[in-house]
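This report concerns only the one structure given below.
The values are calculated or read from the model by the stated rules, or taken from the named source; none is laboratory data. Worth saying up front: this structure is predicted, and the values here are computed from it rather than measured. Note that we place each Cβ from the backbone using ideal geometry, even for glycine, and neighbour counts take in every protein chain shown. Remember, those area values only see protein heavy atoms, side chains included, never the ligands or the DNA or RNA. Shrake-Rupley method; radii C 1.70, N 1.55, O 1.52, S 1.80 Å.
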Amino acid sequence: TIRQQPRPTQSRSSAASDVYKRQSQNFSIADLRGVLQELFKKCTKTPGNPRVFMLTDSQIQEDTYLVYINDMLSSGFIPDLFPKEDLEALTQGLRNEAKANGYLDNADSLMQYFLDKLKRNLHILLCFSPVGDTLRVRARKFPGVVNSTMINWFHGWPKDALINVAYRFLQEVELPTDDIRNNIALNMAEIHMSIDEANKNYLILERRYNYTTPKSYLELIAFYKKLLKQKRAEIQKQIRRLENGLQTLADTQSKVQGLQEELKVMMVQVEAKRQETDILIKKVREENAVAEGKKQIASVEEAKKNELAEEAKKKKKKKYSALI
């Protein structure tokens, strides 16, 4: 039967993890038989430590697996799991132990002790989801899954549990204050519970079921943490870009101020050169004016000389004509 066990010991968890590992590597029916034979031996051979065989619905690759599970649940044993000589060797190996526990020394009693010890030490833990028709179909085909098991239904978490779980996982997130963390946890719980209400309305309107599970809630928390990390990274990237831009602007402003200072010095120098140039131009103009005056005087004197020369020439010509 399925029993709610305390925290598995190392031997129990090792057996379960061995099944998980092998199933993830194309676990066949022959592999399943081999694992079950190994578990049966570990549970019955002296000293016979307890084992838990755990199986989830996602690990069942074909319904043939459940033939063996149904046999174990219904009768406590799987016919033809062991060859006859191997089974006899197992039961004969328990002869002294069976006699010490008050069983008769015959084949039937030894077999009964073998089965009793197997039932005490080997527990089957099935983890099935009620979503869809898979569990319903398998329960009809393999009645031992329901009739020979103790079913633990995992219901939704209450609001306080949702808040506490969210608060616990948000401890890993850096937030400004603890009040913000509490408010976020409360908001997550409210969102999750609102989906349950939406599922009820969906069932009424569409006649179809939609489920939210604790795993869905954990995925919501994980998604929030992932999204928060992404958004923070994006904001940090934008902050770095802004800081780089501001630094570039500051450097540019510093360079502009330096150029302005250089420009002021150059403007002073240019103004001094301009004043010197103005003085030089004024001086040149004055000298040109003096030269122009002298030129005019020289022109007048030259004109007078030309007149006198012309007059002298005429007189000379006149005298020469009188002599002839």
For this session: Give the long-range amide H neighbours of residue 122: residues separated by 5 or more places, or on another chain, with amide H under 5 Å away, using H modelled in the peptide plane at 1.01 Å from N.
Result: 51
For this session: Rank 290, 277, 300 by how far each Cα sits towards the positive end of the charge dipole of the stretch 185-317 (+1 on Lys, Arg Cβ; -1 on Asp, Glu Cβ) and give me just the farthest.
Result: 300
Problem set entry | GNM result for the chain, Cα springs below 10 Å: residue of 111, 54, 266 fluctuating most strongly | 266
For this session: Send over the Kirkwood Rh of the stretch 70-143, from the inverse of the averaged 1/r over different Cα pairs, rounded to one decimal Å.
Result: 14.5 Å
For this session: Please report, in debye to the nearest 20, how large the charge dipole of the chain is about its Cα centre when each Lys and Arg carries +1 at its beta carbon and each Asp and Glu carries -1 there.
Result: 2360 debye
Problem set entry | Dipole of the chain, positive end: most advanced residue of 68, 161, 191 [Cβ charges, Cα centre] | 191
Exercise. Counting each DSSP H run of 4 or more residues in the chain as -39500 (n - 2.57), what helix-only mean residue ellipticity at 222 nm follows after dividing by all residues, to the nearest 500 deg cm²/dmol?
Worked result: -25000 deg cm²/dmol
For this session: Using only the alpha carbons of the stretch 33-156, determine the length spanned along each of the three principal axes and report them from longest to shortest in whole angstroms.
Result: 50, 30, 20
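First compute the accessible area of the stretch 98-200 with a 1.4 Å probe, then give the percent of it belonging to carbon and sulfur atoms.
Working: 3580 of 6430 Å².
Roughly 56 percent, rounded to a whole number.
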Seminar exercise, completed: Per the charge dipole of the stretch 184-260 (beta-carbon charges, Lys/Arg positive, Asp/Glu negative, Cα centre), the residue among 254, 202, 242 reaching farthest to the positive end is 254
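Is there a quick way to get the dipole size of the stretch 79-155? I mean about its Cα centre, with the Cβ of Lys and Arg at +1 and of Asp and Glu at -1; what is the value in debye to the nearest 20?
Details: 10 positive and 9 negative charges, 92 e Å.
Value, rounded to 20: 440 debye.
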Exercise. In degrees from 0 to 90, rounded to the nearest 10, what is the angle of the helix 159-170 Cα long axis to the longest principal axis of the chain?
Worked result: 50 degrees
For this session: Answer rounded, prolate or oblate for the stretch 197-324, using the Cα gyration tensor with square roots of eigenvalues a ≥ b ≥ c: rounded when a/c is under 1.5, else prolate when a/b is larger than b/c, else oblate.
Result: prolate
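What percent do you get for the relative contact order of the chain when only Cα pairs under 8 Å and 6+ apart count?
Details: 197 pairs, mean separation 49.0, N = 324.
Averaging sequence separation for qualifying contacts and normalising by length gives 15 percent for the chain.
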Seminar exercise, completed: Compactness summary of the chain: radius of gyration and Dmax from Cα atoms, Å, are 54.7, 198
Problem set entry | Cut-off 16 Å, label 7 Å out along Cα→Cβ of residue 218, residues of the stretch 111-136 by amide N | 127-129
For this session: May I ask for the net charge around residue 212, where only other residues with Cβ less than 15 Å from the Cβ of residue 212 are counted and Lys, Arg are +1 while Asp, Glu are -1?
Result: 0
Exercise. Ignoring ligands, DNA and RNA, what accessible area per residue does the stretch 163-208 give at 1.4 Å, in Å²?
Worked result: 71 Å²
Seminar exercise, completed: Residue separation between residue 269 and residue 169 times 0.36 nm, minus their alpha-carbon distance, gives in nm 28.9 nm
Exercise. For the stretch 240-324, what is the accessible area per residue in Å² when the probe is 1.4 Å?
Worked result: 99 Å²
